[in-house]
Amino acid sequence: MTRPAIYLDHNAASPLLPEARSALIAALDLVGNPSSVHGHGRALRNLIDTARGQLASLAGAERKQVVFTGSATEAITQAIVGGAKSFDSTAIVISAGEHAAVSKAAAMTGLPVITIGLLADGCIDLDQLAQVIGAAQGQLLVALHWVNNETGVVQPMARINALVGPTRHTLFIDAVQALGKIPLDFAASAPDMMAVSGHKIGSPAGIGALLVKAHADVVRLIPGGGQEQGRRGGTEAAGLIAAFGAAAAAFADRYGAADVAALTARLEAGLPADAVVFGGERLGNVTNFAVPRVKNSTAMMGLDLLGLSVSSGSACSSGKVGPSHVLAAMGVSAELADCALRVSLGWNSTAADVDAFTAGYQSILERQRARQGQAA
Ligand code: PLP
């Protein structure tokens with residue numbers, strides 16, 4: 001008998017949207033290279049143009065501000081490493097809650113990296129950010145996330161924009177977990193650059209985009225054959241781009257229809273009374289919680305056996321469970337962080353999924369407590 005697989009790890013990757021699947025399959029049947037001027041090439045070029053419009057529309061960007069890349073990690077690296085070179089940055093400012101894509105790109109620049117702390121509610125310490133900006137001698141590249149991938153905490157973007165926007169400093173925003181869930185208004189807002197990713201909104205992985213304003217459009221890390229108006233060389237993956245565009249056109253409606261915030265509230269109402277939920281102002285699709293003395297490694301194994309896929313934090317390429325730098329920055333003890341589970345819902349989540357999680361987690365708790373009772 002096959003076990004029912006219930007996927008509650010949308011922040012790691014969202015399941016493929018039917019619209020993205022159809023677009024990908026249709027594109028795979030097309031032959032050629034989008035740079036060719038003949039009919040075959042033009043058909044692929046049209047797919048890319050359509051997808052560029054679809055993503056631009058979801059991100060509130062102009063079409064010409066969209067540069068397709070192989071992942072958000074690539075877009076982030078282009079923005080930070082390329083941006084620091086282009087803008088003669090003297091230091092990179094990040095927060096303690098950044099994804100490794102941001103913190104490692106910042107380290108790659110070889111410039112001093114100033115790390116702004118997180119408050120206990122997961123928000124970036126804006127007083128510290130204001131102090132760093134006020135004391136800056138040279139040009140800063142400020143690289144911050146909008147929505148935290150581990151906790152779902154939504155950073156106060158209007159205040160960050162107001163703080164950094166009027167200065168001469170460069171502002172890059174990692175909007176990977178915000179796209180499709182929060183209205184993005186790239187063209188009209190302060191950031192010079194933003195990064196987004198396909199597989200967080202129901203396209204296959206392997207496609208992302210850098211959104212870049214004209215004045216910041218000097219970043220050239222991969223010139224190659226001049227694709228993407230010379231901003232990202234390499235023959236375009238037209239199928240993945242078409243899938244990303246189709247996902248961008250469909251995601252927000254599907255996500256809205258699933259009423260994810262209500263499902264998350266249902267999940268939180270079913271947690272044990274001693275559960276601690278991390279993060280203050282959160283996006284309505286993530287619950288990162290811990291029950292003291294119930295280690296996440298044990299809970300995840302038990303949940304996996306029940307066919308329930310959740311995460312202990314961010315998905316990590318090696319598959320290993322490490323301590324969360326985000327929870328540590330929020331002042332959570334290592335002992336409690338060791339018990340933290342991230343449950344993230346999305347466009348195809350249902351009340352039955354949530355109830356299966358509640359029942360599954362409860363059974364693991366009961367088993368653990370029975371074992372502890374025997375041992376005592
Ligand atoms: N930034 C954030 C906040 C993320 O959650 C992720 C993926 O988990 C990334 C960046 C990297 O995105 P990609 O896998 O497309 O490179």
Set LEU30, LEU8: member being in contact with a helix residue (DSSP H, G or I) (Cβ under 7 Å, 6 or more places away or on another chain), within 16 Å of the ligand (Cβ to nearest atom) and either at pLDDT 95 or above or more than 23 Å from VAL343 (Cα to Cα) (or both)
LEU8
Name the residues in segment 78-103 that are out of contact with any Gly (no Cβ under 8 Å at 6 or more places or on another chain), of a type in the set (S, T, N, Q) and either buried (at least 23 other Cβ atoms within 10 Å of the Cβ) or farther than 12 Å from ALA143 by Cβ (or both), would you?
GLN78, SER86
Conditions (1) part of a helix (DSSP H, G or I); (2) surrounded by fewer than 19 Cβ atoms within 10 Å (Cβ to Cβ): number failed by GLY110
(1)
Consider ARG52 carefully, then state whether it is crowded, with 23+ Cβ neighbours inside 10 Å and not aromatic (Phe, Trp, Tyr).
yes
Does GLY70 meet the test of being more than 24 Å from MET330 (Cα to Cα), within 11 Å of the ligand (Cβ to nearest atom) and surrounded by fewer than 24 Cβ atoms within 10 Å (Cβ to Cβ)?
yes
Look at segment 279-298 and say how many of its residues are over 17 Å from ALA261 (Cβ atoms) and under 24 Å from the mean Cα position of the chain (by Cα).
3
If you go through segment 255-272 one residue at a time, do you hit one that is at pLDDT 95 or above, within 16 Å of the ligand (Cβ to nearest atom) and surrounded by fewer than 23 Cβ atoms within 10 Å (Cβ to Cβ)?
no
Just for segment 176-211: of the residues that are under 15 Å from ALA13 (Cβ atoms) and in contact with a Phe, Trp or Tyr (Cβ under 6 Å, 6 or more places away or on another chain), which one is surrounded by the most Cβ atoms within 10 Å (Cβ to Cβ)?
SER203
Is it the case that segment 42-59 has a residue that's touching a His at 6+ places or on another chain (Cβ under 9 Å), in contact (Cβ under 8 Å) with a residue 40 or more places away in the chain and of a type outside the set (S, T, N, Q)?
no
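The values are calculated or read from the model by the stated rules, or taken from the named source; none is laboratory data. It should be emphasised that the depicted structure is a prediction, and the values quoted were computed from it without experimental measurement. With ideal geometry, Cβ positions are generated from the backbone for all residues, glycine too; neighbour counts draw on all protein chains shown.
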